[in-house]
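Have a look at the structure below, then the notes.
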Amino acid sequence: GAWSHQGTPLDAVQAIAQAAGGYLQSHRNNATLLTRHPYSQRAGDNPGAPWGWLTGPADVDLALDAIITDGVERRDGPDINAVYVSGTSQGVLAHVKRTGTAGDKLSAMVTDALITHADAARQRGLSVLGAAGSKYNVRLELPVLTGASQPGVLEVGQLVQVNAASPWRGRVRAVSAAYKRPTLRQTVTLERHLETV
């Protein structure tokens with residue numbers, strides 16, 4: 001009884017994903033929708049947030065000589081380390097804070113009728129806290145590398161390590177591919193947080 005919906009089934013699925021801080025993505029090859037979180041859990045880090053990106057292996061390693069061009073845009077988020085997340089007419093109220101901080105720099109409270117469980121509140125809070133802090137959007141153009149141990153076309157959400165003189169990591173936020181005979185190239189936007197450098 002916490003939520004009702006009028007509209008298309010797709011609108012309903014989007015509302016459910018967004019309540020927990022997620023988004024929908026279509027499967028690359030199948031007629032399937034995937035629910036994703038911008039800071040999803042990875043093996044070895046806790047729990048997929050930018051401050052854990054240096055822990056464990058990256059999904060993709062890129063050598064500098066694979067990058068054809070790049071561009072950088074500063075996209076800072078707010079200076080916060082905690083947020084209150086709540087249901088509306090019913091549900092839970094949660095104080096979600098970044099582990100190891102005092103939780104004293106609060107974001108505006110987030111409310112959604114679908115925040116009816118602590119897991120949903122935690123994931124919505126993580127999406128708010130993960131977007132905080134000093135960061136860049138880094139745009140890379142690179143070839144589509146295929147074959148054994150090559151990444152092919154990158155996937156949104158993958159963690160990429162760029163092996164520069166000082167290696168750094170970012171999450172894939174957008175991918176496009178263009179074929180101009182005989183070359184197939186991809187343009188990738190990475191979210192790079194400065195505190196993980």
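The values are calculated or read from the model by the stated rules, or taken from the named source; none is laboratory data. Keep in mind that this is a model prediction, so the values were computed, not measured. Note that each Cβ is placed from the backbone with ideal geometry, even for glycine, and that neighbours are counted across all protein chains shown. Ligands, DNA and RNA are excluded from the accessible area calculation, which covers all protein heavy atoms including side chains. Shrake-Rupley method; radii C 1.70, N 1.55, O 1.52, S 1.80 Å.
Placing one identical point scatterer on every Cα of the stretch 1-134 and ignoring solvent, what is log10 I(q)/I(0) from the Debye formula at q = 0.19 Å⁻¹? Log-scaled intensity ratios, in q order: -1.19. Using the 1.4 Å probe convention, the accessible area of the stretch 1-147 works out to 57 Å² per residue with neighbouring protein chains retained.
Normalised by the number of residues in the chain, the mean separation of alpha-carbon contacts (under 8 Å, six or more apart) gives a relative contact order of 22 percent. Can you pull out the trypsin sites (Lys or Arg not before Pro) in the stretch 1-52 that DSSP calls coil and that have at most 12 other Cβ atoms within 10 Å? When the trypsin sites (Lys or Arg not before Pro) of the stretch 1-52 are filtered for loop state and at most 12 Cβ neighbours within 10 Å, Arg28 remain.
Within a Cβ distance under 15 Å of Asp104, other residues only, what is the Lys/Arg minus Asp/Glu net charge? Cβ neighbours under 15 Å give a net charge of +2.
For Arg75, nonlocal amide neighbours, meaning residues 5 or more places apart or on other chains whose placed amide H falls under 5 Å from its own, are Lys135, Tyr136, Asn137. The shape of the stretch 57-197 can be summarised by an equivalent ellipsoid whose semi-axes, obtained from the alpha carbon gyration tensor, come to 36, 17, 13 Å from longest to shortest.
Database remark: amide H of Arg173 closer than 5 angstrom to the amide H of Gly157, Thr189, Leu190, Glu191 (H placed geometrically; neighbours at sequence offset of 5 or more, or on other chains; Pro and chain starts carry no H). In this label model, Tyr23 and Asp65 are separated by 3.4 nm, measuring between points 7 Å along each Cα→Cβ vector. The phi torsions of the stretch 9-21, fed into the Karplus equation with coefficients 6.51, -1.76 and 1.60 and a -60° offset, translate into couplings of x, 4, 4, 5, 5, 5, 5, 5, 5, 5, 4, 9, x Hz, rounded to whole numbers, with Gly and Pro shown as x. Helical content of the chain, expressed as a calculated mean residue ellipticity at 222 nm, amounts to -4000 deg cm²/dmol (DSSP H runs of 4 or more residues, -39,500 (n - 2.57) each, divided by residue number, nearest 500). Note that the stretch 178-191 has calculated 3J(HN,Hα) couplings of 9, 10, 10, 2, x, 10, 10, 10, 10, 10, 10, 9, 10, 8 Hz, one per residue in order, obtained from phi through the Karplus relation 6.51 cos²θ - 1.76 cosθ + 1.60 (θ = phi - 60°); glycine and proline are x.
A straight Cα-to-Cα reach below 27 Å connects Lys105 with the lysines Lys97, Lys135, residues fewer than 8 places away in its own chain not being considered.
Between Val72 and Thr8, the modelled labels are 4.0 nm apart [label points 7 Å from Cα along Cα→Cβ].
Pairwise Cα distances in the stretch 115-179 exceed 15 Å for 68 percent of all pairs. Phi angles of the stretch 65-72 translate, via the Karplus equation with coefficients 6.51, -1.76, 1.60 and θ = phi - 60°, into HN-Hα couplings of 6, 7, 8, 7, 9, 8, x, 10 Hz per residue; Gly and Pro are given as x.
If you take every DSSP beta bridge fully contained in the chain, what fraction is antiparallel? Give it as a percent rounded to 5.
85
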